[in-house]
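Nothing in this text is a laboratory measurement; each read-out follows from the coordinates by a stated rule. On a predicted model such as this, the values are computed, not experimentally measured, just so you know. Please note: Cβ atoms are built from the backbone with ideal geometry, for glycine as well, and neighbour counts cover all protein chains shown.
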Amino acid sequence: MIHDGRLRAGDALPSTRALAAELGIARGTVVAAFEQLDGEGYIHTRHGAAARVAATLAGVPAPHPAAELPAHHRAEAKAEGLIDLLPGVPASNAIARRDWRAAWRHAAAAPIDDAYPDPLGLAALRAEVAKQLGFSRGFAPELERVIVTAGTREALSLVVDALPPGARVAVENPGHRGSRQLLSNAGAHAVPIGLDEHGLVLDELRAAHARDALAAVLVTPSHQYPMGTVMPIARRHELLEWASGAGVLVIEDDYDSEFRHHGAPLPALAAIDPSGAVVLLGTFSKTLSPALRCGYLVVPERAPIADALRQVRTAHSSSVATPVQHAVAWLMSSGALRRHLARLRRDYTHKRAMVADALVGLPGVTIGGLAGGLHALVQWEGERDEASVVAGIRRRGVAVAPLARYVADGSGLETRGLVLGYGPVSATSLGQALPMIAAELRRS
């Protein structure tokens, strides 16, 4: 009704109690739905007042049916007293303290089992992950398709272990350096593939496969890291059709899809995959904290890779402590995570607007990645190389990352850009940093 214009900006919605009575469902179900809509920006809710349709989303078109920098970079920025805008870290301290403490009390109260835990993960957590994917990503996998992992890196490691030895895996270039390093350490061969304004260039992918068969392709379609592009629905279908025909596994890193600031969300590749070609990797590092080292992967239905991954996971045993899984499961089942995500979306959307207000419109400067996520890409047309611009910004008191840091070694790709993160930084510090960045960019 919001999408087709029947509900207009500012229209009041029925109370959760009245709507539950009208529909004959539990009030908690309606409350959860309102929290989800609020978190995604469709409505605004306020305690003691009627929920109303958000002004920015009334009448919009209907939607179609792992990233950390090395710790020493952050330590150096802190030691130098810089404002840290290095990308890859969320606002971990934003979660309500009462919810955080309640989650760990719940974990501590859980019975101590004298048996080894299920290697696939705690059933309660896997069920909550499946439910959350149904809310936010357009598909609700069966319990047996969800495997708990120690974050995205371990999930990717498990996938590599399930592939043939020495497998060639296509990766985005520029892309996540840690993923390329992990592939290499695990004995796979990372094959860099270029990007355009819509993400992975499929002609380059086909050519690489024709030269020497690929076993898999690793993609971040919802918010490419670090370029920030969103893969359109047509290219998503084209990628899936090619991968199915070529027998190539698609590894979808869905690392920050919960944070969409502009435009209707697109479905996960796994949600539109008809042939079992996609393994989805998810993480709580971007929604809760990297310190938890907790994530998951979702295997395709009725595909050989699904059984292979379960066998690999069983052989490795569970790597996430059961109390951690209990705590995360409680945060999800209690609604605490939904409330936390709603707060984060509002915070990140505000910071994203600050970045846009400060940097969009500077002569010769383009800003990318603002549709979602926790970072922005800044590029310029001037003659100054990125190393000197990044160094100049650092001298002014702000730490950002050069785009070259994400380019595959030996690929020959030249860049002129920087990546800035706005997840954990306060709005006050961000407001101090952005004029410094803008001043340096004007000299580029």
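Shape class of the chain from the alpha-carbon gyration tensor: rounded, with the ratio a/c of largest to smallest axis under 1.5.
Within the shell defined by Cβ-Cβ distances under 13 Å, the residues around Glu414 carry a net charge of -1, with Lys and Arg each +1 and Asp and Glu each -1.
Within a 10 angstrom radius of the beta carbon, how do Phe135, Phe284 rank from fewest other beta carbons to most?
Working: Phe135 15, Phe284 23.
By the 10 Å Cβ count, ascending: Phe135, Phe284.
Just want the ordering: Thr149, Thr287, Thr314, from fewest to most Cβ atoms lying within 10 Å of their own Cβ. Numbers along the way, then the final one.
Working: Thr149 27, Thr287 22, Thr314 13.
Ascending Cβ contact count within 10 Å gives the list Thr314, Thr287, Thr149.
Considering only beta bridges that DSSP places wholly inside the chain, some 60 percent are antiparallel.
Amide H contacts under 5 Å for Val191: Val169, Ala170, Val171, restricted to partners 5 or more places along the chain or on a different chain, H placed in the peptide plane at 1.01 Å from N. Maximal additional length on extending the Val360-Ala79 stretch stands at 98.1 nm, based on 0.36 nm per residue less the C-alpha distance. Computed 3J(HN,Hα) for the stretch 358-363, one whole-Hz value per residue from the Karplus formula 6.51 cos²θ - 1.76 cosθ + 1.60 where θ = phi - 60°, is 7, 10, 5, x, 5, x, glycine and proline marked x.
Under the shape rule built on the C-alpha gyration tensor, where the axes satisfy a ≥ b ≥ c, the stretch 195-313 is oblate, since a/c reaches at least 1.5 while a/b does not exceed b/c. Between Thr149 and Gly295, Tyr296, Leu297, the built amide H atoms are under 5 Å apart, and every one of these is 5 or more places off in sequence or on another chain. From the helices alone, meaning DSSP H stretches of at least four residues, give me the mean residue ellipticity at 222 nm for the chain, per-run term -39500 (n - 2.57), in deg cm²/dmol to the nearest 500. After summing the helix terms and dividing by residue count, I get -12500 deg cm²/dmol. Remark: the Cα gyration tensor places the stretch 172-235 in the oblate category, a/c being 1.5 or greater and a/b not exceeding b/c.
Sorted fewest first by neighbouring Cβ atoms within 10 angstrom, Leu377, Leu370 come out as Leu370, Leu377.
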